[in-house]
1. Please pick out the residue among Gly82, Gly52 that is within 15 Å of ligand 2 (Cβ to nearest atom), at pLDDT 95 or above and not basic (Lys, Arg).
2. Listed residues Met76, Met67; which is touching a Ser or Thr at 6+ places or on another chain (Cβ under 8 Å) and free of Cβ contacts under 8 Å to residues at least 60 places away in the same chain?
3. Yes or no: the stretch 114-131 includes at least one residue that is charged (D, E, K, R), within 13 Å of the chain's Cα centre (by Cα) and within 16 Å of ligand 2 (Cβ to nearest atom).
4. Among what's in the stretch 38-68 and is β-branched (Val, Ile, Thr) and outside any helix (DSSP H, G or I), pick the residue that is surrounded by the fewest Cβ atoms within 10 Å (Cβ to Cβ).
5. When you scan the stretch 142-158, do you find a residue that is open to solvent by less than 30 Å² (accessible area, probe 1.4 Å) and either within 13 Å of ligand 1 (Cβ to nearest atom) or at pLDDT 95 or above (or both), even just one?
6. When the residues of the stretch 1-37 are filtered to those that are in a helix (DSSP H, G or I) and among the polar types (S, T, N, Q), which remaining residue is nearest to Val118 (Cα to Cα)?
Amino acid sequence: MIEPTLILIKPDGLKKSLTGNILTRLSETKLDIIGAKIVKVSRELAEKHYAGLKGKPFFEDLIKYLMGEYHKKKVMALVYWGEDAILKVRDICGKTNPEEADSVSIRGAYGRITTAGVYENVMHASADAADAEREIKLWFNPEEIIEAIYPVEEKEIEIIDKKWREEA
Ligand code: UDP
Ligand code: MG
């Protein structure tokens, strides 16, 4: 099935300058990149992203990790799209626990477990189609993605938008 999936290069990946390496590894999948941006992650976004893990002993550390408290305050968010995208990306990403992950997978090659027990595994990849949809809609607006992956609706809203200031 042709489907989208969300990828995050987590703050440890950015701090360790792994962006290029991770994108190169991901290009082995031959999938299309249809959205990409750098995000400064708020607590609200981090908690929504990991809502399913609320109550776990590592939850607070995980939130701080995604917010960049331990590395750099940024995440690279990407949407990849193509045949079996979710499985292909999860495969190359490797297991959640970087010590159990295949050493040729991205997490196996670059991840570590902190003394506090958090898996700093350099990237996130959606686990299934329902997660992908929830996560993509959380991280991206429709106009930031170059394919029509989910139905959209036009809504009239009042917004104050920031624009570049025109110099006199
Ligand atoms: N995590 C952790 N310890 C655990 C399980 C998960 O630190 O025992 C962290 C890890 O960074 C992982 C994230 O929580 O990537 C989300 O966990 P999930 O079980 O959804 O794994 P994933 O889908 O990322 O492989
Ligand atoms: Mg998960």
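The values are calculated or read from the model by the stated rules, or taken from the named source; none is laboratory data. Values in this document were obtained by computation on a predicted structure and should not be read as measured data. Here Cβ is always computed from backbone atoms with ideal geometry, including for glycine, and neighbour counts include all displayed protein chains. The accessibility values were calculated without ligands, DNA or RNA, using every heavy atom of the protein model including side chains. Shrake-Rupley method; radii C 1.70, N 1.55, O 1.52, S 1.80 Å.
1. That would be Gly52, the only listed residue that is within 15 Å of ligand 2 (Cβ to nearest atom), at pLDDT 95 or above and not basic (Lys, Arg).
2. Matching residue, one of Met76, Met67: Met67.
3. Yes: the stretch 114-131 contains one or more residues that are charged (D, E, K, R), within 13 Å of the chain's Cα centre (by Cα) and within 16 Å of ligand 2 (Cβ to nearest atom).
4. Of everything passing the filter in the stretch 38-68, Ile38 is surrounded by the fewest Cβ atoms within 10 Å (Cβ to Cβ).
5. yes
6. The residue in question is Thr19.
Residue-by-condition table, conditions (1) within 25 Å of Lys40 (Cβ to Cβ); (2) open to solvent by less than 10 Å² (accessible area, probe 1.4 Å); (3) in a loop (DSSP other than H, G, I, E, B):
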| site | (1), (2), (3) |
| --- | --- |
| Lys73 | yes, no, yes |
| Leu78 | yes, yes, no |
| Leu87 | no, no, no |
| Asp91 | no, no, no |
| Asn97 | no, no, yes |
| Ala116 | yes, no, yes |
| Ala127 | yes, no, yes |
